[in-house]
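Notes follow once the structure below has been shown.
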Amino acid sequence: MQRIKSLLRIKHSFKQVAFVSHQQRSFSALPDYSSNDYLQDQVLVEGRAKSRAAILNRPSNLNALNTSMVGRLKRLYESWEENPDIGFVLMKVAILDGITMGCGAGISLQGMYRVVTDKTVFSNPETQMGFHPDAGASFYLSHLPGYLGEYLALTGEKLNGVEMIACGLATHYTLNGRLPLVEERVGKLITDDPSIIETSLAQYGDLVSLDRESVLRKIETIDKCFSHDTIEEIIDALENEAASSYDVWCRKAVEKLKEASPLSLKVTLQSIREGRFQSLDQCLVREYRITLNGISKKVSNDFCEGIRARLVDKDFAPKWDPPSLADVSKDMVDCYFSPFDELEPELQLPTALREPYI
């Protein structure tokens, strides 16, 4: 059983997304352990007698995690784990308040308890930027009901806190105004007994119900259209459904798919489908491989072009290469999943050191 005297939480105090790094770096994902006051300001520490909170503090960049922030988080986690006064459990309770994307979602959604609010917005918009859902997204998206994961990954559609509860991405819902009470209660816990944690969080929970226009009320259509084997078949199914039912939602879904990088769509679909039959560890290794093969520009410059169009020039008119689904070959997609050569090591996860998950 995991030894714990307190709970660690990551507080998303501002908007966050984590698929853009502003650090100059090689293709290796080894963190930069340089430390200075500026970097410490990017990850703040809030401490109580028996708890610690790491607070992402880079709001001007939507709290995007860069390698230096990851390095600081790692050092904080290790120091807390060795602290005899507090113990350590990685992500027992996560509070997702505000925009939750990319690594922000990745470090939160693996927690046993995931608290969302009326301010929570969840999304995976990576295909719109010539990238792919990473940070464990191919694991948790592929395990959502039906083919909802494919829909979210390919279109980048948003979910609110209530929808995250309904589909299982979150476990507890509370109003944003009650978060100080939740945080105070969690910070005082001195046990990892699930029943006590559950009771503590439930004290500040709120009843929720899906809006009539929620995308989750389209689950049958989602399963019908997004269960196909290829992007082309998915688009055809949506267009046929739109023609027969005059459903505006179907037309919007098609528009989203046609705005995205054709190559990213095909890579993402394969990644989600593989994730359905893999462990989280295997998904992380595969996503790391896709990421490095993608940013190496061996096949395409879509990631840089997507960032330019969405975040730099903001003209929202990316010039994808290849420009159409028909131009994306199987070899192009397979290249993203190919093992590295001897010059680039595969991702090595410290799974042998992991304590049992309770």
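What follows draws every value from the coordinates through simple rules; no lab data is involved. These numbers come from a predicted model, not from an experiment. Glycine gets a Cβ as well: all are built from the backbone with ideal geometry, and neighbour counts include every protein chain shown.
Per-structure values
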{"read-out": "Projected label distance in nm at residue 243 and residue 321, using a 7 Å step from Cα toward the beta-carbon", "value": "3.5 nm"}
{"read-out": "Length-normalised contact order of region 78-216 in % [C-alpha pairs under 8 Å, at least 6 apart]", "value": "21 percent"}
{"read-out": "Ordering of 282-288, 311-317, 332-338, 120-126 by packing [mean C-beta count within 10 Å, highest first]", "value": "120-126, 282-288, 332-338, 311-317"}
{"read-out": "For region 244-257, 3J(HN,Hα) per residue [Karplus equation, 6.51 cos²θ - 1.76 cosθ + 1.60, θ = phi - 60°, Hz, x = Gly/Pro]", "value": "8, 10, 6, 7, 4, 4, 4, 5, 5, 5, 5, 4, 4, 5"}
{"read-out": "Percent RCO, i.e. relative contact order, over region 219-358, from Cα pairs under 8 Å lying at least 6 residues apart", "value": "23 percent"}
{"read-out": "Length-normalised contact order for region 194-277 - Cα pairs under 8 Å, 6+ apart - percent", "value": "18 percent"}
{"read-out": "Ranked packing of 238-248, 270-280, 166-176, most packed first, by mean Cβ within 10 Å", "value": "166-176, 270-280, 238-248"}
{"read-out": "Protection-proxy order for peptides 294-304, 104-114, each taking the mean of Cβ atoms within 10 Å per residue, highest first", "value": "104-114, 294-304"}
{"read-out": "Selection from 263, 249, 282, by position along the positive dipole direction of region 211-290 (Cβ)", "value": "282"}
{"read-out": "GluC sites (Glu not before Pro) within region 150-225, DSSP loop, no more than 10 other Cβ atoms inside 10 Å", "value": "213"}
{"read-out": "Estimated inter-spin distance, residue 346 and residue 255, nm [label 7 Å along Cα→Cβ]", "value": "4.3 nm"}
